[in-house]
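Working notes, beginning with the structure itself.
The values are calculated or read from the model by the stated rules, or taken from the named source; none is laboratory data. Source: prediction; values computed, not measured. Here the Cβ positions follow ideal geometry from the backbone for every residue, glycine too, while neighbour counts run over all protein chains shown.
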Amino acid sequence: MQTNTKFSAPTTANVELTEKCNARCLHCYNPWREEHMGVNSQTIDTIKKTIDKLKEAGVFHLIFTGGEPMSKMEVLYEALKYGKKLGFSFSLNSNLMLTTDAKMKQLAELGLDHVLTSFPSIDSKENDHIMQVKNSIKKIERGIINCTNNNIRVSVNCVITKSNYKNVYATGKFVAKLGVQKLFVTRAVPPVYSYDTEKEPVVEEAYKLTHDEAKSALDQALRVKKETGILLGSLVNFPVCFLGDLEKYKDFFGRGCPSQRGDRININATGTMHTCVHEEEEYGNILNDNLQEVYQTKMSKWHDKKQMIYKGCEGCDYIPTCYSGCQMVAIAFNGKFGSKDPLYVGPNAVSKKFLIDEKMFSELEKKLDDPNLPLKINKNLRHRAEKGFDLINIQWGNTISVKNEISSFVQENKNKELKANEIPFDKPTIVFLILKNILQNKDIDIGKELQSQGLSFNFETLPYFKSVNA
Ligand SMILES: C[S@@+](CC[C@H](N)C(=O)[O-])C[C@H]1O[C@@H](n2cnc3c(N)ncnc32)[C@H](O)[C@@H]1O
Ligand code: SF4
Ligand code: SF4
């Protein structure tokens, strides 16, 4: 709930276990793809050293990725085992084509409870073409079933370009039927090898989604949600002014850019560090360099709004949540950071500001009128001290910054049964802590959607929370 805070280190890391991959997606961002696909991989020794370094820096959550991490099973098993021992939460990015029931059982036993899988199109010819794999849909489908049979939640990442955006509805319906929990509609970021920032950048036509095409993809996803209840999101930030109607498109609002926010870094299979997964620039190697120092110096341009925010965004109220859309898309189109996202519309071009049913705030406040309302503190919270504030990780990659007094209260009262009148904060702060699942009451059910949204949504930027943000 503290905005404008500078972290000492990231809170989440994408860790590439290998460059090896059984697919060759046409849009795949991995910069090494063209030159040395499959050459570099982590070893058990390097992955343990990497995880040690991430622990030292206070990172909470690891996303094991690649390449295809399931093509290096022994490294993946060890990464999970070692990560769990050191108290990390983790998720896996996998195309799921290499799964078997036995492998997923073993991963589940090691604590894996979520996989993000790639699924570009329900059209089998198109999917095979995009992923460059025969029978790709059958293979992914079997992979999803192997996960759900072993109680591993699956989210699908449908990366869209001009060629497949029309199939989002049918793809979403198909995966919802398979028990997929969340559908991410992610615009493809032009891979760095596909353009040259030194020369006039030329972006391939496939990546030039128009406003209407991108909106059509989101509308199709909303139809799937209406018909199936699937949760929605996007892994590449849409400019808030592009969304415009925030009531309709609230599922795609609020996540912002994790790299600009300071939460995320990416580590390649060689140990090379990047701030964003899509980025070519290297910031040292985690095995040889001090992560915190690199993060606070070389990477700090990513956290500096002066450098990253597009001039045309000046005066926009949404800068703290929007970060000028996606600056990796912007650099592909314009050759530099701090430039215009092609889906940019303009400051405050928001037709409907509605983000959340604010009635819920007053209902929660009413409940809090009962001084004896029992509340307890979520037992799974993790903490990290920063200069002048604290970080609380609620679960997975969901970390928020809070004032020291809130963090101290939460830590000191961890195992106590509390009553509402024993919590020394004003109502908006308590409401915030309930919505963030830091304070819990068994009779307050904020619903599956809000819970999922609540964790990744920057409530702190809403006017209602002005007092808690001060
Ligand atoms: C590089 S893949 C590695 C993990 C695994 N092989 C997979 O595909 O799920 C990680 C994620 O990035 C997504 N992705 C790949 N290229 C992308 C691009 N150019 N823009 C946006 N997302 C992309 C993939 O769909 C996948 O969800
Ligand atoms: S499956 Fe993943 S790593 Fe492999 S080519 Fe596709 S997006 Fe890239
Ligand atoms: S004007 Fe800039 S900061 Fe504001 S919503 Fe649009 S892209 Fe985002």
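Table for the structure above
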{"quantity": "Residue ID - nearest to ligand 2 (Cβ to nearest atom), chosen from residues in the stretch 138-172 that are closer than 21 Å to Ala23 by Cα and in contact with an Asp or Glu (Cβ under 8 Å, 6 or more places away or on another chain)", "calculated": "Asn164"}
{"quantity": "Every residue from the stretch 89-107 that is within 13 Å of ligand 1 (Cβ to nearest atom) and not polar (S, T, N, Q)", "calculated": "Leu92, Leu96, Met97, Leu98"}
{"quantity": "So Glu314, is it in the same structural domain as Lys215 (by TED's automatic domain parsing), within 16 Å of ligand 2 (Cβ to nearest atom) and within 30 Å of Tyr207 (Cβ to Cβ)", "calculated": "no"}
{"quantity": "Given (1) touching a strand residue (DSSP E or B) at 6+ places or on another chain (Cβ under 7 Å); (2) within 16 Å of ligand 2 (Cβ to nearest atom); (3) more than 30 Å from Asp45 (Cα to Cα), index of the condition Met328 fails", "calculated": "(1)"}
{"quantity": "Test: Ser259 is assigned by TED's automatic domain parsing to the domain that holds Ile122, surrounded by fewer than 19 Cβ atoms within 10 Å (Cβ to Cβ) and not aliphatic (A, V, I, L, M)", "calculated": "no"}
{"quantity": "Pair list, Cβ < 8 Å and 6+ apart or interchain, from the stretch 420-449 residues that are in a loop (DSSP other than H, G, I, E, B) to residues that are among the aromatic types (Phe, Trp, Tyr)", "calculated": "Ile423/Phe409; Pro424/Phe409; Phe425/Phe409; Lys436/Phe459"}
{"quantity": "Helices (runs of 4 or more DSSP H) fully within the stretch 108-223 counting 2 or more residues that are within 12 Å of ligand 1 (Cβ to nearest atom)", "calculated": "124-131, 136-149"}
{"quantity": "Long-range neighbours under 7 Å by Cβ, at least six apart or interchain, first residue among the basic types (Lys, Arg) within the stretch 363-388, second part of a loop (DSSP other than H, G, I, E, B)", "calculated": "Lys367/Leu373; Lys367/Ile444; Lys379/Lys414; Arg382/Phe60; Arg384/Gly58"}
{"quantity": "Yes/no for Ile152 being within 22 Å of Gln106 (Cα to Cα) and hydrophobic (A, V, I, L, M, F, W, C)", "calculated": "yes"}
{"quantity": "Residue in the stretch 95-109 that is modelled with pLDDT of 95 or more and either within 24 Å of Ile394 (Cβ to Cβ) or not assigned by TED's automatic domain parsing to the domain that holds Glu280 (or both) present", "calculated": "yes"}
{"quantity": "Residue selected from the stretch 315-346 under the condition at pLDDT below 95 and over 22 Å from the mean Cα position of the chain (by Cα), by the criterion nearest to ligand 1 (Cβ to nearest atom)", "calculated": "Phe333"}
{"quantity": "Number of the exception - Leu116 against (1) within 13 Å of ligand 2 (Cβ to nearest atom); (2) touching a strand residue (DSSP E or B) at 6+ places or on another chain (Cβ under 8 Å); (3) free of Cβ contacts under 8 Å to residues at least 60 places away in the same chain; (4) under 28 Å from Asp341 (Cβ atoms)", "calculated": "(3)"}
{"quantity": "When residues of the stretch 98-127 are limited to those that are within 25 Å of Ala188 (Cβ to Cβ) and surrounded by fewer than 19 Cβ atoms within 10 Å (Cβ to Cβ), the one farthest from ligand 3 (Cβ to nearest atom)", "calculated": "Leu98"}
{"quantity": "Test for Leu183: is it more than 16 Å from ligand 3 (Cβ to nearest atom) and crowded, with 19+ Cβ neighbours inside 10 Å", "calculated": "yes"}
{"quantity": "Contacts under 9 angstrom Cβ, first residue in the stretch 206-219 being without any contact (Cβ under 8 Å) to a residue 24 or more places away in the chain and assigned by TED's automatic domain parsing to the domain that holds Phe242, partner surrounded by 14 or more Cβ atoms within 10 Å (Cβ to Cβ) and basic (Lys, Arg), 6 or more apart", "calculated": "Thr210/Lys162; Asp219/Lys248"}
{"quantity": "Cross-chain or 6+ apart pairs with Cβ under 6 Å, the stretch 65-78 first and away from ligand 1 (no atom under 12 Å from the Cβ), then assigned to a helix (DSSP H, G or I) and modelled with pLDDT of 95 or more", "calculated": "Val75/Ile47; Glu78/Ile44"}
{"quantity": "Yes/no for Lys387 being away from ligand 3 (no atom under 16 Å from the Cβ) and among the basic types (Lys, Arg)", "calculated": "yes"}
{"quantity": "Residue ranges of helices (runs of 4 or more DSSP H) in the stretch 12-97 with at least 2 members within 23 Å of the chain's Cα centre (by Cα), more than 12 Å from ligand 2 (Cβ to nearest atom) and crowded, with 21+ Cβ neighbours inside 10 Å", "calculated": "44-57, 73-85"}
